[in-house]
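Some notes on the structure that comes next.
Every number in this text was worked out from the coordinates using simple rules, so none of it is lab data. What you are looking at is a predicted structure, and each value in this text was computed from that prediction instead of being measured. Neighbour counts run over all protein chains shown; Cβ positions are idealised from the backbone, glycine included.
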Ligand code: ADP
Ligand code: MG
């Protein structure tokens, strides 16, 4: 499969730029199994990689030019001779805040690498991605990490996965201007097939946790609601600020430092600031849920993670308040139809939910969710099965 993809992307590169690429790389989208809105609180997350990937064909240049093309965007999708829609930039001119389009993601990576002292003298890049954009499955990090890995290999930078993740996060924070945590980039860079990645976002220490649902007669469904509520970015900023306020009031560096068995005392100290109390309660209980899922998976009690996922959803809905009617509809419908667990995943206010199900129930569950959406007059959701897949890698 990946050989054919690599070949197709390389071929398009050749038509665009007149010579074959030096190599082809891939980086995946991700689903977060548990650990939501903990990554900017120095807490725990547990993503796994999707089979959906961003693929990049890349060659170095020595003349300071960066040429970018996406098969999936604007002219990139429309042009038939394969030469339209190339964006040409000078690496020396790259500067944060100058680009509001998709090219800010790959250009931001080049900027971040150069800013960190790595001599990148230019590149030709052609990208194609099967990660749905804006669905909470992290198409942006896939884009960043595939470019970072390609340049790391071609320029012989010798950077490790977590270092590439940090640079990509910097690209997204500073160059693109999105205040995201470190989870998505680390997932794209470091995940392994058949595993979920237990990541401590404070020191970036990580552990690969075996996560093979098929072997246990289970499946994990991703339900992309295809909705994105407009106020999501502002709300994200408000939650971050609220968490910071909570940490400051409690006199800790980050909410990660509030121990689970000290939660009640912490809530008491916060007095009647109900908003902050709710945010703190979510983050502290969510970190505990991640640890519980890790220990269940490591002791082979996979099925028992279901209720923990569902608890996580209730916390995001009632305490963190970032769910929406469409996400709740997926979760409620799936649970009513016998799912083992379900929760929203990603930033919230739309995007995707995940459903843990017995293999035999997949069809009924999928149908039930689709019918519920139809009854509610909503756009049909996209439902697919998520198999824990490989992280970023070279394809050719
Ligand atoms: P998410 O990462 O959850 O998918 P983001 O808003 O963070 O959502 O990133 C989506 C953006 O990433 C798109 O608006 C686009 O700019 C960029 N992007 C994603 N996939 C592609 C692609 N195949 N080609 C070009 N740009 C892409
Ligand atoms: Mg993103």
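Counting only alpha carbon atoms, the long axis of helix 161-170 and the longest principal axis of the chain meet at about 90°. Would the stretch 93-214 count as rounded, prolate or oblate if I go by the C-alpha gyration tensor, calling it rounded below 1.5 in a/c and otherwise prolate when a/b exceeds b/c, oblate otherwise? Cα axes put the stretch 93-214 in the prolate bin. By the count of other C-beta atoms within 10 Å, a proxy for reagent exposure, 209, 354 are ordered fewest to most as 209, 354.
Helix 305-314 and the longest principal axis of the C-alpha atoms of the chain enclose an angle of approximately 90°.
Rg over Rh for the stretch 213-351 works out to 1.00, using Cα positions for both radii and the Kirkwood form for Rh.
Fewest neighbouring Cβ atoms within 10 Å first, the residues 37, 313 line up as 313, 37. In the elastic network of the chain, a GNM with C-alpha springs shorter than 10 Å, the most mobile of 286, 88, 311 is 88. Rounded, prolate or oblate: which fits the stretch 166-249, taking a ≥ b ≥ c as square roots of the Cα gyration tensor eigenvalues, rounded meaning a/c under 1.5, else prolate when a/b beats b/c? It is prolate, given that a/c is not under 1.5 and a/b is the larger ratio. Its DSSP H runs of at least 4 residues, each contributing -39,500 (n - 2.57), put the calculated 222 nm mean residue ellipticity of the chain at -12500 deg cm²/dmol, to the nearest 500. Using 16 Å as the cut-off for backbone N distance, which residues of the stretch 315-347 belong to the label zone defined by a point 7 Å from the Cα of residue 285 along Cα→Cβ? Residues 315-323, 342-344 fall inside that zone. Overall shape of the stretch 6-69 was characterised from the C-alpha gyration tensor. The equivalent ellipsoid obtained from it has semi-axes of 34, 15, 7 Å, in decreasing order. Length gained on full extension, residue 314 to residue 14, computed as 0.36 nm times the residue gap minus the Cα-Cα distance: 103.0 nm.
In this simple spin-label model, placing a label point 7 Å from the Cα along the Cα-to-Cβ direction at both residue 272 and residue 363 gives a separation of 5.8 nm. Rounded to two decimals, the Cα-based Rg/Rh of the chain, with Kirkwood Rh, is 0.98. Using a cut-off of under 12 Å, list every residue of the stretch 310-341 whose amide N is near the label point 7 Å from the Cα of residue 378 along the Cα-to-beta-carbon line. The answer is 323-334. A Förster radius of 45 Å, combined with the Cβ-Cβ distance separating residue 295 from residue 3, puts the computed FRET efficiency at roughly 0.70.
Relative to the dominant Cα principal axis of the chain, helix 232-250 is inclined by about 60°.
A Förster distance of 45 Å, applied to the separation of the beta-carbon atoms of residue 93 and residue 321, puts the FRET efficiency at 0.60.
Straightening the chain between residue 153 and residue 244 buys 29.0 nm, computed as 0.36 nm per residue apart minus the Cα-Cα spacing.
With a simple spin-label model that places each label point 7 Å from the Cα along the Cα-to-Cβ direction, the separation between residue 65 and residue 231 comes to 4.7 nm. Ranked by how many other Cβ atoms sit within 10 Å of their own Cβ, fewest first, the residues 260, 40, 155 fall in the order 260, 155, 40.
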